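The structure appears right after this line, and notes come after that.
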Amino acid sequence: MDVGDLLKRVQSLLTAGDVAGAEAAAREACRTFPKVSEAHNALGVVLRTRADYPAALAAYQTAIATDVRNARAYNNAGEVQAQMGAHADAVVNYQHAIRVDRNLRPAHRNLATALTRLGRLDDAAQVLRQALQLYPDDKTLLFDMAALEHDRERFAPAIEAYMRYLALDPHHLDVRINYGSALLDAGRHTQALAEFTALLKIAPGHLAVQHGYHETLSRLVPPWHVPMMNEDQRNFAYRDAIRAVVKPGDHVLEIGTGAGLLAMLSAQAGAHKVTTCEMVQVVAAEATRIVAQNGFGDTVTVLPKKSTDIVIGVDMPEQADVMVSEILANDFVGEGVLPSLLDAKARLLKPDARIIPARGSMMGVLVGGDEVRYLLDLGDVCGFDMRTFTKFKPWSQSVPQSIAYDALSADVPLVTYDFHDVQTLKPANGAVNVSVIQAGRCYGVLQWIRINLTDEIVYENHPRTTQSVWNKVLYAFPQPFDVAAGDKVLVQLWHSGSHFYLTGAKASN
């Protein structure tokens, strides 16, 4: 029997599950043809099947020593070393295999995997790129490239690799889920939602698909939308203000459609035309349906775009008589309201346009008390001095709807924005001297908002009296300090675009 026949017998016995017979045949081949590299390689394959990795590695090394051009033996030796945890040694053998035979496809993937295990991610990505130049339609290599780049948060190349894979196999569910997740992680929320919406039709019971769909929606649509629309106090305040300001025949511009409530209130108040814009496409589409089913489809136009992208003569026939907005964060600037209002006043409104709300103030109070201290200060914990760890306390944080606090000052306006006056909306620094009315330890400022929808209609989410999805914000001073009635605290403020910062210290007498 020649060596070829023996090696065929080894393979046949392995396929039949007769590992002992295959090993005996392989050893016979090695004894009979000791100079044939493939005989030793075959023995290594059998021993690896038995999970005898050291013996398998020795057989592969003999195969390599017998023929240094045996690329498969190098690759097999690397695979055994990887199984033994010797990834650096495996890299060397995979590299040898590729140098001997660059068309040995498994060696490229194995090399990338070993480099990844060693944390050499740039090298692994380079190996996969080179392999894909040789095998551009190899789905396994494409998936490995996509997964590697996704894990590295290099979303653009990951998305490209997933797309190339799906061009070859458009119905692979797991790859489509990963593709949707990469779109989501890359901030391409609209595309991610389209992908997961399509997948829901294909696999409605698949939990990963459901998670991807709902996670995408949660990033596109903030969770406060539903509870916000259940706040009657605020809704009725806006309704009354719109009824007082909007006149029959007015063209109303609303910034931030949401579900369309304010747009429909404006139409109900007699507006001839309401143009409302919503930058989140899926929200704009739903608002369009809500407006139509409530009978205002002929009056209200929902634009699926940012207000700064609106073009007069294209999106709106002319400048508006009234502007309504509710894109107000709990610090007035967090949702980009000020830049949007500045742009609207400059381009989208008539010079004498009426604005709802007309004014707004960031209100604040100097605070102390046990609940505030609990959030901002440390002392002894289990008998250990932990005070220095307070350097990591957040400089600002949303606080529970109901928080007990000691008011060390009266409620004071910190910043007031007049939405008719451009100068009050521009980035600025400011300072307020706040008088102390009660002795105590001062930790910072508790802040909320007061909105003058009109001169007569005011809404305020005061921390003592109002439950609202507009949270209150607790701003921590760098260090707490004791105050007495009559002391002054200098509160300093800075805002620029959508950023705001507040700090304070006891003023010197």
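Below are the figures for this structure:
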read-out: Which listed pairs, of LYS391/LYS472; LYS247/LYS345; LYS393/LYS426; LYS472/LYS506; LYS247/LYS306; LYS393/LYS506, have C-alpha distances above 28 Å, in listed order; value: LYS393/LYS426
read-out: Label-point separation in nm, ALA20 to ASP151, each point 7 Å along Cα→Cβ; value: 4.0
read-out: Gyration tensor verdict on the range 225-355 (Cα atoms; rounded if a/c is under 1.5, prolate if a/b is larger than b/c, oblate otherwise); value: rounded
read-out: Rule-of-thumb Rg ratio for the chain [Cα; 2.2 N^0.38 Å; N residues]; value: 1.46
read-out: Dipole-positive endmost among VAL415, ASN471, TYR459 within the range 403-478 (Cβ charges, Cα centre); value: ASN471
read-out: Separation of alpha-carbon centers, the range 12-61 and the range 237-262, rounded to whole Å; value: 82
read-out: At most 13 other Cβ within 10 Å, DSSP loop - GluC sites (Glu not before Pro), the range 57-166; value: GLU153
read-out: Within-15-Å neighbourhood charge of VAL226 [Cβ basis; K, R +1; D, E -1]; value: -3
read-out: Beta bridges by DSSP in the chain, antiparallel share as percent, to the nearest 5; value: 75
read-out: For the range 3-220, the Rg and Dmax computed from alpha carbons only, in angstrom; value: 21.7, 70
read-out: Cα-based helix-to-principal-axis angle, 139-151 vs the chain, degrees rounded to 10; value: 40
read-out: Rg/Rh ratio calculated on Cα atoms of the range 359-506 (Kirkwood radius); value: 0.99
read-out: Chymotrypsin sites (Phe, Trp or Tyr not before Pro) restricted to DSSP loop in the range 186-249 with at most 15 other C-beta within 10 Å; value: TRP224
read-out: Cα long-axis angle, helix 87-100 against the chain (0 to 90 degrees, to the nearest 10); value: 60
read-out: Charge context of ALA55, other residues only, Cβ under 13 angstrom, K/R +1, D/E -1; value: +1
read-out: Mean separation of Cα contacts under 8 Å (6+ apart) over length of the range 1-137, as relative contact order %; value: 14
read-out: Degrees, to the nearest 10: 337-347 long Cα axis against longest axis of the chain; value: 70
read-out: Compactness of the range 426-473, expressed as Rg and Dmax over alpha-carbon positions, Å; value: 14.1, 38
read-out: Trypsin sites (Lys or Arg not before Pro) restricted to the range 16-116 and DSSP loop, no more than 13 other C-beta within 10 Å; value: LYS35, ARG50, ARG69
read-out: Reachable aspartates and glutamates from LYS8, criterion Cα separation under 14 angstrom, eight or more residues apart if same chain; value: ASP18, GLU23, GLU28, GLU38
read-out: Debye log10 I(q)/I(0) for the range 57-137, one point scatterer per Cα, at q = 0.16, 0.18, 0.19, 0.27 Å⁻¹; value: -0.53, -0.66, -0.73, -1.25
read-out: The chain, dipole about Cα centre (Lys/Arg Cβ +1, Asp/Glu Cβ -1), debye to the nearest 20; value: 940
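FYI, it's all coordinate maths here, none of it is from the lab. None of these values were measured; they are calculated from a predicted model. Reconstructed Cβ throughout: ideal geometry from the backbone, glycine too, with neighbour counts over all protein chains shown.
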